[in-house]
Structure formats: structure tokens, C-alpha cells
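The values are calculated or read from the model by the stated rules, or taken from the named source; none is laboratory data. Just so it is clear, the model here is predicted, and its values are computed rather than measured. Neighbour counts are summed over all protein chains in view; Cβ atoms, including those assigned to glycine, are modelled from backbone coordinates with ideal geometry. SASA here: full protein model, heavy atoms, side chains in, ligands and nucleic acids out. Shrake-Rupley method; radii C 1.70, N 1.55, O 1.52, S 1.80 Å.
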Amino acid sequence: MTDITEIIDNKRIKDLLAREKNLERFNLNTYMLPIEGPSSRTVTVEGKEMIMLGSYSYLGLISHPEIIKVAHEALDKYGSGAGGVRLLTGTTVLHKQLENRIAEFKHTEDSIIYSSGYVTNMTLISTLLGKDDLVIIDKYDHQSIYDGCILSKADWKRFNHNDLSDLDRVLEEHRKHYKRVLVVVDGVYSMDGDIAPMPEIVDIAKKHDAFTMVDEAHALGAIGPNGKGIDDYYDMKPGSIDIMMGTLSKAIPSIGGYIAGNKKMITYLRYASNAFIFSAALPPVMTAVALKAFDIIEDEKERVHALQKNIKTFIGGVKEMGFDTLKSKDTPIVPVIIGDDIKTFRFAKKMKKEGILVPPIVFPAVPREGGRLRCCVVATHTEDDMDKILSTLEKIGKDMKVI
Ligand code: PLP
């Protein structure tokens with residue numbers, strides 16, 4: 001062996017490099033474009049200002065003056081990093097305040113934060129479940145949930161996306177063989193933009209003596225009359241869902257993830273989850289940012305309302321033109337289905353030329369022929385932005401015979 005790339009499965013790397021070369025050849029690669037400033041309503045890319053239709057900053061808090069102010073203050077007071085892992089010397093006053101704030105916000109007894117959302121799911125599943133247990137996940141769950149299952153010693157099975165009778169079937173068939181069972185779903189699905197039927201999922205899980213967990217990465221700050229997530233959306237009683245997971249990297253303009261739930265479970269995670277014990281704590285500055293953002297969601301409800309108004313305008317508009325948006329409803333993620341890979345890349349490229357940045361998503365992230373523009377609507381898009389986005393989609397959609 002002479003070349004390190006031989007360590008990678010030969011076919012996979014060959015396919016991937018060929019795909020990348022093709023995109024470069026036809027000048028269709030819009031991945032990893034360096035953005036020259038904050039990911040807001042508009043962004044500057046290659047020196048040109050464009051409307052951003054792919055940011056997770058759903059409430060537009062990344063550049064909020066209060067957020068910038070607390071970040072400066074925390075930087076001045078705490079410096080740049082935490083200097084340790086949470087269990088030992090990396091816990092600051094801010095970390096404790098944020099955990100209390102999240103528990104209050106999500107109406108749970110306690111919460112624990114980790115330094116990424118991805119790691120939060122991995123560490124949670126692998127810490128809580130072991131060899132006598134079963135994890136049941138929705139087929140479209142986020143990769144971090146799959147990876148948590150793989151890392152844990154538990155068995156895991158999938159049910160068809162948002163299919164309640166299939167969930168019931170999997171539980172009926174397998175519950176009896178395991179000590180503990182955890183059903184894990186995304187609140188809002190990150191590629192399809194639809195919402196889990198959470199009250200029914202909880203009922204089915206309860207019927208089979210199974211626990212439930214929801215990943216609210218794209219639900220927090222975005223859905224529900226108060227923007228508080230899936231429990232708010234369905235008006236569910238506190239404690240209905242056993243484990244509430246969320247990220248601090250989307251509507252909350254920071255980095256990190258959290259688990260909110262029962263106090264004993266959270267205490268256990270503090271002493272037993274590897275990501276808490278063996279990985280550096282969230283930097284204090286990002287902790288301060290997250291803390292402030294929870295206040296802003298509550299204090300500036302108009303942001304949540306503006307987001308939900310923009311979502312309605314956008315989904316209504318694209319549907320009326322004849323685009324397929326799958327079952328996305330009430331969420332800031334709206335897939336606009338284009339078709340095969342190349343067509344999807346071409347569409348995204350044309351959007352960019354017209355001054356709109358939107359990511360193309362293709363196989364294997366989504367099914368073959370299910371290539372899509374994954375549009376993310378934000379609260380700060382103006383009416384003019386919406387008009388421009390919709391008319392551009394319509395023009396290109398007609399030119400390319402998508403509609
Ligand atoms: N869960 C879902 C549903 C996500 O979409 C993501 C990231 O996009 C994550 C977890 C991971 O979160 P983070 O990017 O904060 O690590």
C-alpha cells in the first residue's frame with residue numbers, strides 16, 4: 001500500500017471523486033461556498049450579495065444586537081474557551097444557568113448540554129441503552145440517531161417514515177424480546193420538512209411499555225404558537241415525551257445540543273455519558289449566546305409569528321405553482337422536488353445566478369430521483385424577498401419543465 005486513500009473503500013472514493021469532477025467540469029458545484037459574513041437573510045458570496053434560502057438561523061438571531069452584546073461580554077469575562085471537560089473543570093456559571101433555562105423552557109425537571117447536537121444524540125442513546133435493549137427509529141431519523149444506535153450495544157429497528165401502524169407492528173413483534181425499548185423520532189424531519197405525529201407516537205409507545213424521545217433540532221424556535229417546539233405545536237402536557245433533545249445551532253444561534261427530562265436521568269448522564277466526561281465543554285461565549293436566545297424567543301414572539309407567516313406564504317406559493325413539496329407543512333424546511341441529481345444541481349446553479357443561495361440535496365441523502373432544493377425560510381425574509389424567491393422559482397421551474 002502506498003497511498004492513504006487505499007484505506008477507503010475503493011468504489012466509494014472513485015464514485016465520489018468522479019461525481020465531484022463532473023460537477024466541477026460543468027461548473028455546477030455549489031457546495032462549501034465560503035460565505036463572507038453572517039448567515040442572515042442575505043449573505044455575501046464571491047463578493048455578491050444574495051438572498052439566503054438555506055440558513056438554519058430560523059429566527060434571524062445570528063446578528064441580533066443582544067446576542068452580539070452578550071457574546072462580547074462573555075468573551076471579556078471568560079476568555080475564549082472552557083479549559084476543561086464538563087465533569088471536571090469546564091463547568092462555568094453560564095453552563096449551569098443555561099441548563100436551568102432549558103429545563104424551564106422545555107418544562108422538564110433538568111437538562112444537560114453537550115458541545116454538539118450530533119454528539120448529544122450519539123452519547124444519549126449509547127449511554128442509556130445496552131445489550132438487552134431495543135431502539136426503534138423512524139427511517140428518516142437524523143444520522144446522529146443512527147450513529148447513536150450503532151455505538152450502543154442495543155439492537156435497533158426502523159419503522160416506515162411517520163407510519164403509525166408500522167411503528168405499532170414493530171413494537172408488537174419485538175417488544176417482548178427486550179428489557180427496555182426507546183422510540184426515537186425527529187420532531188421536524190430535516191430533509192422532508194414534515195412533523196412527527198407525536199401524540200399518537202407517545203400513545204402507541206405507552207401501549208407497548210416503551211419510552212419516547214424526540215429530536216427537536218428544527219422544531220425548537222420554529223413550530224408551535226410560542227415557537228417552543230413539538231409539545232407546544234400539539235399542546236402536549238409536560239412530561240408526555242420522556243426525552244426531549246434539541247440543538248443550539250439552528251434557531252438558537254450558537255453551537256451544542258441538550259437533553260431535557262427527568263432529574264435522575266440527567267444526573268446519571270452527567271456522570272456516565274462519555275461526551276460530558278471526555279470532551280471539552282461548550283465555550284462560555286457560545287453558552288452565553290444560547291442563554292440569551294431562549295430569552296429572545298420568549299420576549300420577541302413577533303419573530304416566531306413572522307417566521308410562521310413566511311412559511312405559509314412560501315409553501316402556499318410554491319404549491320400553487322405546481323411544485324411538489326412532499327408533506328412539508330408549518331415548518332421552515334420546505335423541500336422543492338426537482339428530480340435527478342444533475343437537474344437539481346442545475347436548478348440550484350440557476351437560482352444562484354439570479355441571486356438566491358439554496359442548497360441542492362441529492363442521493364444518498366435523499367432517495368434517487370428525489371433530488372430537491374432544500375429551502376429554509378427565515379423570520380427575517382421580507383415580502384420583497386418572498387416575491388423574488390417565488391418568481392425566480394417559477395421562472396426556472398417553467399424553463400426546466402419542473403412545473
Ligand atoms: N438532529 C437533527 C435532526 C439535525 O438536523 C442535526 C443537524 O443538522 C443534528 C441533530 C445535529 O446537530 P448539530 O448540527 O447541532 O450538531
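Let's see how each residue does on (1) of a type in the set (F, W, Y); (2) closer than 30 Å to M286 by Cα:
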{"position": "R19", "(1), (2)": "no, no"}
{"position": "N22", "(1), (2)": "no, no"}
{"position": "L28", "(1), (2)": "no, no"}
{"position": "P38", "(1), (2)": "no, yes"}
{"position": "T44", "(1), (2)": "no, yes"}
{"position": "I51", "(1), (2)": "no, yes"}
{"position": "Y58", "(1), (2)": "yes, yes"}
{"position": "L75", "(1), (2)": "no, yes"}
Counting only residues that are under 16 Å from the mean Cα position of the chain (by Cα) and in a loop (DSSP other than H, G, I, E, B), the stretch 353-380 contains a total of 5
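Name the helices (runs of 4 or more DSSP H) wholly within the stretch 258-311 that hold at least 2 residues that are of a type outside the set (A, V, I, L, M, F, W, C)? Explain how you work it out, then say what you get.
Working: elements: 263-272, 274-277, 284-299.
Of the helices (runs of 4 or more DSSP H) lying wholly inside the stretch 258-311, those with at least 2 residues that are of a type outside the set (A, V, I, L, M, F, W, C) span 263-272, 284-299.
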Matching entry among I333, I342, I311, I315 (being touching a residue at least 40 places away in the same chain (Cβ under 8 Å), surrounded by 20 or more Cβ atoms within 10 Å (Cβ to Cβ) and closer than 22 Å to P367 by Cα): I333
Please find, among A260, A275, the residue that is under 24 Å from R86 (Cα atoms) and either open to solvent by 10 Å² or more (accessible area, probe 1.4 Å) or not small (G, A, S) (or both). A275
Restricting attention to the stretch 183-209, the residues that are more than 16 Å from the ligand (Cβ to nearest atom) and in contact with a Phe, Trp or Tyr (Cβ under 9 Å, 6 or more places away or on another chain) number exactly 3
Looking at the structure I just gave you, is M351 buried (at least 21 other Cβ atoms within 10 Å of the Cβ) and over 26 Å from A219 (Cβ atoms)? yes
In the stretch 319-352, how many residues are farther than 19 Å from D194 by Cα and part of a loop (DSSP other than H, G, I, E, B)? 1
When restricted to Y114, Y140, the only residue within 16 Å of the ligand (Cβ to nearest atom) and surrounded by fewer than 22 Cβ atoms within 10 Å (Cβ to Cβ) is Y140
The one condition N27 fails out of (1) outside any helix (DSSP H, G or I); (2) open to solvent by 90 Å² or more (accessible area, probe 1.4 Å); (3) in contact (Cβ under 8 Å) with a residue 60 or more places away in the chain; (4) not assigned by TED's automatic domain parsing to the domain that holds F347 is (4)
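Look at T267 and say whether it is among the hydroxyl-bearing types (S, T, Y), touching a helix residue (DSSP H, G or I) at 6+ places or on another chain (Cβ under 8 Å), open to solvent by 50 Å² or more (accessible area, probe 1.4 Å) and away from the ligand (no atom under 16 Å from the Cβ). Outline the logic, then answer.
Working: among the hydroxyl-bearing types (S, T, Y): yes; touching a helix residue (DSSP H, G or I) at 6+ places or on another chain (Cβ under 8 Å): no; open to solvent by 50 Å² or more (accessible area, probe 1.4 Å): yes; away from the ligand (no atom under 16 Å from the Cβ): yes.
Answer is no for this residue.
Looking at the stretch 145-157, which of the residues that are without any contact (Cβ under 8 Å) to a residue 60 or more places away in the chain and either buried (at least 17 other Cβ atoms within 10 Å of the Cβ) or at positive phi (or both) is farthest from the ligand (Cβ to nearest atom)?
Filtering the stretch 145-157 down to residues without any contact (Cβ under 8 Å) to a residue 60 or more places away in the chain leaves 146-157.
Subsequent filtering for residues that are either buried (at least 17 other Cβ atoms within 10 Å of the Cβ) or at positive phi (or both) retains 146, 148-149, 152, 154-156.
Details: Y146: 11, G148: 10, C149: 14, S152: 16, A154: 19, D155: 22, W156: 16 Å.
Ranking the qualifying residues of the stretch 145-157, first place goes to D155.
Quick check on my filter: what residues within the stretch 122-137 are open to solvent by less than 40 Å² (accessible area, probe 1.4 Å) and either out of contact with any Phe, Trp or Tyr (no Cβ under 7 Å at 6 or more places or on another chain) or basic (K, R) (or both)? So that I can check it myself, show each step before the final result.
Taking the stretch 122-137 as the starting set, the residues that turn out to be open to solvent by less than 40 Å² (accessible area, probe 1.4 Å) are 123-127, 129-130, 133-137.
Result: L124, I125, S126, T127, L129, G130.
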Being open to solvent by 30 Å² or more (accessible area, probe 1.4 Å), modelled with pLDDT of 95 or more and within 16 Å of the ligand (Cβ to nearest atom) narrows it down to one residue among V93, V119; which is it? V119
May I ask you to say which residue of G257, G224, G229 is closer than 26 Å to Q97 by Cα, away from the ligand (no atom under 16 Å from the Cβ), small (G, A, S) and outside the structural domain of I361 (by TED's automatic domain parsing)? G224
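I'm checking my understanding of the structure. Among residues of the stretch 226-257 that are of a type in the set (V, I, T) and touching a residue at least 60 places away in the same chain (Cβ under 8 Å), which one is surrounded by the most Cβ atoms within 10 Å (Cβ to Cβ)?
Here the residue is I252.
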